[in-house]
1. Can you send over the solvent-accessible area of D276, 1.4 Å probe, protein chains only, in Å² to the nearest 10?
2. Between S133 and E86, take the C-beta separation as r, use R0 = 25 Å, and let me know the FRET efficiency to the nearest 0.05.
3. Under the 0.36 nm per residue contour assumption, what length would be gained going from the current alpha-carbon distance of D164 and E265 to full extension?
4. May I ask you to evaluate 6.51 cos²θ - 1.76 cosθ + 1.60, the Karplus curve with θ = phi - 60°, for each residue of the range 209-221 and list the ³J(HN,Hα) values in order in whole Hz, giving x for glycine and proline?
5. Take the Cβ-Cβ distance between T254 and L55 as r, set R0 to 22 Å, and report the resulting FRET efficiency rounded to the nearest 0.05.
6. Please give the helix 5-24 orientation as an angle from the longest Cα principal axis of the chain, in degrees from 0 to 90, rounded to the nearest 10.
7. Of K128/K243; K48/K274; K167/K274; K48/K97, which sit over 18 Å apart, Cα to Cα?
8. Over what distance in Å are the Cα centres of the range 95-124 and the range 36-73 separated?
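The values are calculated or read from the model by the stated rules, or taken from the named source; none is laboratory data. What you are looking at is a predicted structure, and each value in this text was computed from that prediction instead of being measured. Virtual Cβ from ideal backbone geometry, glycine too; neighbours counted across all protein chains shown. Protein only, heavy atoms only, side chains kept; ligands, DNA and RNA dropped before computing areas. Shrake-Rupley method; radii C 1.70, N 1.55, O 1.52, S 1.80 Å.
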Amino acid sequence: MKRSAFTYSAIILLSLFISCDEQKEIFFEGPYHARFTETESEIMENYKDPFGPNLNDPISIPIHIAAPTPTNTTIVEYEVSGSAVENVDYILEDGDKKRILIPVGEHTGEIRYLPINNRELTGDKTIKFTITSVTNDLQAGFGETGINGRFHTVTIKDDDCLVDLRKFEGTWEFDQNNGEFVYDVKIDVDWTNNNLIIINGYTGLDSLLFAFANLDLCSGEFSIPEQLLAGVDQLGRTRSEGKGSFDSDVKLMTFSYSYDLAGPETIRTIRGTKKDDN
């Protein structure tokens, strides 16, 4: 008996549905392990400079458990190597312990650290984290050698290339959102801190309101870290959205930012052009 084209199509569709159902029934069966969620990351050395008014949180490196929910606290121990030196190039939160406690019922933990800024052109440095042991019969990393997910490498980016900071000083015209609002600001260099500028009249609403930005002189980039918008009164926090940039002649800068007074979801994009010095 001949099968119709419809019959063959029905068989194919039924096979696909069965295949999809079979895929849904596939579960990870081990070996169960703890691993870094990502294998690498990078951060600017001035991320938390200056420490006082800079409200950036420590950087988190997540670790997760690939296993059923443990019934006991999971202890993940790790060691640190690389060209960066602890307490010279970075600070580890609870660094003396070199371990992470993942509570019962949880699958994730984190290592937290802060880079330390300096004024020397020492080049990029690395921190290599290696999981050395895990309790609850879990492996350190995945695979026969445990190489997958056992390591995480942080690159601390140097920001101390030779750029004359005095070029930033003076009056800049800020064009907000492509002509929506144009105003002048005055930029000063904070010589007491490393590669830091003060933007006076930051929002264009009050000449007394100011914010500071950390400069990456090597990449021609800068960021406005999480901070209180300072002036006559404290008017909430502000921060840049992503990285800003400036040209090699320090005549043009672009960045986006938000601040709580206007609603942190409202993003303002700025194109700054250098006017007369001072």
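1. 120
2. On the way: r = 20 Å, r/R0 = 0.79.
Efficiency, rounded to the nearest 0.05: 0.80.
3. Details: separation 101, 0.36 × 101 = 36.36 nm, distance 3.47 nm.
Contour length minus the Cα-Cα distance gives 32.9 nm.
4. 6, 9, 9, 10, 10, 8, 9, 9, 6, 7, 9, x, 10
5. 0.40
6. So the inclination is approximately 70 degrees.
7. Values: K128/K243 25 Å; K48/K274 27 Å; K167/K274 9 Å; K48/K97 23 Å.
Check vs 18 Å cut-off fails for K128/K243; K48/K274; K48/K97.
8. The distance from the Cα centre of the range 95-124 to that of the range 36-73 comes to 6 Å.
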